[in-house]
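Here is the structure we will look at.
Nothing in this text is a laboratory measurement; each read-out follows from the coordinates by a stated rule. Model, not experiment: these values are computed from the prediction. Using ideal geometry, Cβ is built from the backbone for each residue, glycine included, and neighbour counts are taken over all protein chains shown.
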Amino acid sequence: MKITILKGDIIYHESPAKLTAIANGYVIAEKGIVKGVYSALPSEYADVSQNSDIDFLDYTGKLIIPGMTDLHVHAPQYTFRGIGMDQELLTWLDQYTFPEEAKYSDLSYAKRAYRYFTEDLRRGFTTRAVIFATLHKEATIELMDQLEDTGLITYAGKVNMDRNSNPELQEESPNASITATKEWISEIAGKYKRTAPILTPRFIPSCSNELMKQLGRLSKDTGLRIQSHLSENQSEIAWVRELVPQADCYANAYEIFDAIGSEKLPAVMAHCVYSDKREMEILKNHGTFIAHCPSSNMNLTSGIAPVRKFLDAGIPVGLGTDVAAGSSMNMLQTILLTIQASKMYYRLVDQSVKPLTFEEAFYLATEGGGSYFGKVGSFKEGYEFDALVLDDSTMYSMRPFTLRERMERACYNDADVRILAKYVRGTQVYQK
Ligand code: GUN
Ligand code: FE
């Protein structure tokens, strides 16, 4: 039986509001599942040096934290992140995003560009991710092949879009889109251990009513989950109102096509910046996960999502980088932006909605998004063992800080922290 023991300064959540910190402790996993966190090595593991079943890694003085989930990111947009940021959503899509994604019809282009994405994802703070590809079947399979090789655990989706783009990036009809999607699913069936397909209608403006209906049906027939975008930008929302006048809100447009998932087959909806009570009720009823993407929401001047209201309503929330509308894949930076955005929401929008605490934002990045994958994102017993080992020694200090203070500083100074090692379901996938 394979046992992994990491020694170091361990921080994880017992509950959303409370971080547990064990200095100079041990986190132990068996066959990729956490056994527990201990301040002294239990006697049954005492023979670490003689037992070849035990991998013992001494990271004394380093931070050991659960892995992080990027609940919403666009792989083909990685190589143009950080440009076009003076646009809002709809012109940004037309001028930058659609022309770039169209290039993925060329498999050799996709191979090269996806290499940059997958390699940086492997080396970053992310251990799990839910990813948009493009509408191209071959390029999406190439992305999934590369993702599988990273050792990370991911969902990746071939995008569906059959309207309101341009001929270079648009499927001919609902049937053409569904046929390509079914071919994609059957070509990758049984191929991967860590990489799963997810149905990916881009958003309502990109998908005809007929396509949305058929995708909803396909989700039911295949047991595949759905990811999409929801209530990100005011012009987008007004457009959805015109496109689907029978819906009483944007979420209801997905709902009437039966394309918003269920408790058993939860969807990820990115953004929800403008989701009101009615929309939250729909999301709650369907067990939908909200991917909160603060970098994106600020870059595209979209707005600030009321995350605390989602949490109070009992809606599952995780964090997304939403590259390239978000300009970085760094999850520590995403934690910081989540906190900062919530502070501005409180100050400028609604003073009855308190800012998120550091503990809450850290939870969203780890267990909040991780729970989309099951028992993931904590070191509680029975959780899958995803971990990051961080070196914060170059963030100089003139007094000893608590582990909680060190972790908070790491998020506020993400560039000064180095990843020494990364584990996913018990396997080391990266080492500095
Ligand atoms: N809505 C539809 N497509 C996209 C996209 O690629 N990025 C973002 N941020 N929003 C979208
Ligand atoms: Fe997005």
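Relative contact order of the range 182-243, please, whole-number percent, based on alpha carbon pairs below 8 angstrom and at least 6 residues apart. Before the final figure, lay out each step's value.
Values: 35 pairs, mean separation 23.2, N = 62.
Relative CO of the range 182-243 lands at 37 percent.
Provide the FRET efficiency to the nearest 0.05 for the Asp221-Glu44 pair, computing r from the beta carbons and using R0 = 45 Å. All intermediate terms of the calculation are to be shown ahead of the outcome.
Values: r = 48 Å, r/R0 = 1.06.
It comes to 0.40.
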**OP:** Using the Cα centre as the reference, give the magnitude of the dipole from point charges on the C-beta atoms of the range 147-188 (Lys, Arg: +1; Asp, Glu: -1; all else neutral), rounded to the nearest 20 debye.
**Re:** 180
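Could you size up the charge dipole of the range 315-373 around its Cα centre, putting +1 on the beta carbon of Lys and Arg and -1 on that of Asp and Glu, and report it in debye to the nearest 20? Don't jump to the answer; show the numbers that get you there.
Numbers: 3 positive and 5 negative charges, 39 e Å.
So the magnitude is around 180 debye.
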**OP:** Report the one residue of Met144, Ile204, Phe125 whose Cα lies farthest in the direction of the positive end of the charge dipole of the range 118-252 (charges on C-beta: Lys and Arg +1, Asp and Glu -1; origin at the Cα centre).
**Re:** Phe125
**OP:** Give Lys137/Lys158; Lys7/Lys35; Lys220/Lys309; Lys18/Lys380 a once-over and call out the pairs whose C-alpha atoms are over 18 Å from each other.
**Re:** Lys220/Lys309
Original post:
Based on DSSP, what percent of beta bridges with both residues in the chain are antiparallel, to the nearest 5?
Top reply: 45
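For Gln431 and Ile33, compute 0.36 nm times the residue count separating them, minus their Cα-Cα distance, and round to one decimal in nm.
Numbers: separation 398, 0.36 × 398 = 143.28 nm, distance 2.02 nm.
Answer, rounded to one decimal: 141.3 nm.
Quick one, what does Rg over Rh come out to for the chain if you take C-alpha atoms and the Kirkwood Rh?
Details: Rg = 21.3 Å, Rh = 22.0 Å.
That ratio equals 0.97.
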Subject >> Farthest positive-ward along the chain dipole, Cα basis, beta-carbon charges - from Phe362, Tyr12, Pro316 >> reply: Tyr12
Original post:
Helix 331-344: angle to the longest alpha-carbon principal axis of the chain, degrees 0 to 90, nearest 10?
Top reply: 70
**OP:** Let me know the charge dipole size of the chain about its Cα centre in debye, to the nearest 20, where only the beta-carbon of Lys, Arg (+1) and Asp, Glu (-1) is charged.
**Re:** 720
**OP:** Compare the peptides 32-41, 71-80, 229-238 by average per-residue count of other Cβ atoms within 10 angstrom and give them in order, highest first.
**Re:** 71-80, 229-238, 32-41
Original post:
What percentages, rounded to whole numbers, describe P(r) for the range 1-139 computed over all alpha carbon pairs with 10 Å bin width beginning at zero?
Top reply: 10, 28, 22, 17, 17, 5, 0
Original post:
aspartates and glutamates within cross-link reach of Lys354: Cα-Cα under 18 Å, excluding same-chain residues under 8 positions apart?
Top reply: Asp276, Asp312
